[in-house]
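Worksheet: one structure, shown below.
The values are calculated or read from the model by the stated rules, or taken from the named source; none is laboratory data. Quantities reported herein were computed from a predicted structural model and do not represent experimental measurements. Glycine also receives a Cβ, built like all others from the backbone with ideal geometry; neighbour counts cover every protein chain displayed. Ligands, DNA and RNA are excluded from the accessible area calculation, which covers all protein heavy atoms including side chains. Shrake-Rupley method; radii C 1.70, N 1.55, O 1.52, S 1.80 Å.
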Amino acid sequence: MKKVIITQSNYIPWKGYFDSIRHADEFVMLDDVQYTKRDWRNRNKIKSPNGIMWLTIPVEVRGKFTQSIKDTRIADPDWAKKHWKTIQLNYGKAKYFKQYSGFLENLYGNARSEWLTEINHQFIKAICAQLDIDTVIRYSSEFQLLNDPTTRLVEIC
């Protein structure tokens, strides 16, 4: 029996997200559902000496209340440089930072899409490769789906 994970993409997801992908035969990123503001799609938390800090990819949302995740455009092309610098400043002295800094610098240095869904896909795919996860990753927008949420999930499977 084939195992399929279907969920919205996140920016630098938590460990359990990757555990789920590892145990699936196929991972489908729901990219044709409504983008939700102030959610994990374009932001995540990191630790800093002053407490929790948000890393947020700025996106265009004004007047786009019903836009899908795949139609969410990044508002600041320099976001990746800023995030990488913030990560360096806050984790530069961490035990394993040197071991992973090249990977992260490359990941942020190549994050050049103007679309949020493509950036999330790049990050998820790269982190999966780093973790030796070879699960097939697809977009829900690849499928011809009906609008009913339950029917959509069944059709993807």
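When the range 95-121 is filtered for residues that are over 22 Å from D71 (Cβ atoms) and open to solvent by less than 80 Å² (accessible area, probe 1.4 Å), the ones remaining, listed by number, are F97, S101, G102, F103, L104, L107, Y108, G109, N110.
Would you say V28 is under 15 Å from the mean Cα position of the chain (by Cα) and either open to solvent by less than 40 Å² (accessible area, probe 1.4 Å) or free of Cβ contacts under 8 Å to residues at least 60 places away in the same chain (or both)?
Values: under 15 Å from the mean Cα position of the chain (by Cα): yes; either open to solvent by less than 40 Å² (accessible area, probe 1.4 Å) or free of Cβ contacts under 8 Å to residues at least 60 places away in the same chain (or both): yes.
For V28, the condition - under 15 Å from the mean Cα position of the chain (by Cα) and either open to solvent by less than 40 Å² (accessible area, probe 1.4 Å) or free of Cβ contacts under 8 Å to residues at least 60 places away in the same chain (or both) - is met.
Within the range 15-25, being without any contact (Cβ under 8 Å) to a residue 12 or more places away in the chain, open to solvent by 40 Å² or more (accessible area, probe 1.4 Å) and not acidic (D, E) holds for one residue alone: K15. When we screen E118, E155 for residues that are in contact with a Lys or Arg (Cβ under 9 Å, 6 or more places away or on another chain) and of a type outside the set (V, I, T), the only hit is E118.
For the range 36-67, how many residues meet the condition of being under 20 Å from R112 (Cα atoms) and either open to solvent by less than 20 Å² (accessible area, probe 1.4 Å) or under 13 Å from the mean Cα position of the chain (by Cα) (or both)? Total meeting the criteria: 8.
Do we have I156 as within 18 Å of Y11 (Cα to Cα), touching a residue at least 40 places away in the same chain (Cβ under 8 Å), open to solvent by less than 40 Å² (accessible area, probe 1.4 Å) and of a type in the set (A, V, I, L, M, F, W, C) here? No: the conditions fail for I156.
Within the range 72-94, track down each residue that is crowded, with 17+ Cβ neighbours inside 10 Å, under 20 Å from P58 (Cα atoms) and touching a residue at least 40 places away in the same chain (Cβ under 8 Å).
Narrowing the range 72-94 to residues crowded, with 17+ Cβ neighbours inside 10 Å: 72, 74, 79-80, 83-84, 87, 90-91.
Next, only the ones that are under 20 Å from P58 (Cα atoms) stay: 72, 74, 79-80, 83-84, 87.
Within the range 72-94, T72, I74, I87 qualify.
Within the range 1-11, is there a residue that is touching a residue at least 12 places away in the same chain (Cβ under 8 Å), buried (at least 17 other Cβ atoms within 10 Å of the Cβ) and under 19 Å from F65 (Cβ atoms)?
Scanning the range 1-11 turns up at least one residue that is touching a residue at least 12 places away in the same chain (Cβ under 8 Å), buried (at least 17 other Cβ atoms within 10 Å of the Cβ) and under 19 Å from F65 (Cβ atoms).
State which residue is most open to solvent (accessible area, probe 1.4 Å) when the search covers only the range 122-153 and only residues that are aliphatic (A, V, I, L, M) and in contact with an Asp or Glu (Cβ under 9 Å, 6 or more places away or on another chain). Selected residue: L146.
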